[in-house]
Amino acid sequence: MSHSDEPSFTSLTSELSARCLDAIEAGRLDEIPNEELGQAFASIVRVLAAKAQLGEAVRPFGRNSGVTTTDVAIGCTAMLEAVNLALFELGAWQSMSNVGRVNSLSERAP
């Protein structure tokens with residue numbers, strides 16, 4: 001498959017988003033294998049982190065994502081546990097770094 005024949009990132013993300021929403025709404029979460037879900041999630045987290053480290057103001061959620069506070073809390077807890085990082089350690093790292101902060105002083109509206 002040539003590079004021009006590959007689906008665009010936009011079309012892939014639209015398809016993945018639609019399939020995930022459908023699985024949630026239809027109660028078919030068992031059709032999404034945990035290993036593949038983790039693989040996709042890890043890839044997205046790594047890309048977001050790489051862009052943030054380059055200084056890009058990357059927002060973790062697209063418009064109309066429907067992500068709730070509970071969703072974020074569950075996802076963050078799972079990620080922290082997966083890498084054995086305590087919440088205190090995350091707080092310490094955040095106080096020493098501006099990497100990944102979208103709402104830095106330079107970007108706030110006057």
Of the residues in region 72-87, those that are open to solvent by 80 Å² or more (accessible area, probe 1.4 Å) and assigned to a helix (DSSP H, G or I) come to Ile74, Glu81, Ala82, Leu87
Might you check whether a residue that is open to solvent by 60 Å² or more (accessible area, probe 1.4 Å), under 30 Å from Val99 (Cα atoms) and in a loop (DSSP other than H, G, I, E, B) occurs anywhere in region 45-54? yes
Which residue pairs have Cβ atoms under 6 Å apart, sit 6 or more places apart or on different chains, and have a first residue in region 88-101 that is surrounded by fewer than 12 Cβ atoms within 10 Å (Cβ to Cβ) and a second that is in a helix (DSSP H, G or I)? none
Could you count how many residues in region 1-44 are part of a helix (DSSP H, G or I) and among the basic types (Lys, Arg)? 1
Does region 19-27 contain at least one residue that is of a type in the set (Gly, Ala, Ser) and at pLDDT below 95? no
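For every residue, the table says whether it meets (1) of a type in the set (S, T, N, Q); (2) in contact with a Pro (Cβ under 8 Å, 6 or more places away or on another chain); (3) under 18 Å from Arg19 (Cβ atoms).
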| site | (1), (2), (3) |
| --- | --- |
| Glu35 | no, no, yes |
| Ser43 | yes, no, yes |
| Ala49 | no, no, no |
| Gln53 | yes, no, no |
| Arg63 | no, no, no |
| Thr70 | yes, no, no |
| Ile74 | no, no, no |
| Leu87 | no, no, no |
What do you reckon, is Arg59 farther than 19 Å from Leu80 by Cβ, among the basic types (Lys, Arg), open to solvent by 90 Å² or more (accessible area, probe 1.4 Å) and touching a residue at least 40 places away in the same chain (Cβ under 8 Å)? yes
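The values are calculated or read from the model by the stated rules, or taken from the named source; none is laboratory data. Bear in mind the structure is a predicted one, so any value in this text is a computation, not a measurement. All Cβ positions, even for glycine, are placed from backbone atoms using ideal geometry, and neighbour counts span all protein chains on display. Keep in mind that these areas ignore ligands, DNA and RNA; they rest on the heavy atoms of the full protein, side chains included. Shrake-Rupley method; radii C 1.70, N 1.55, O 1.52, S 1.80 Å.
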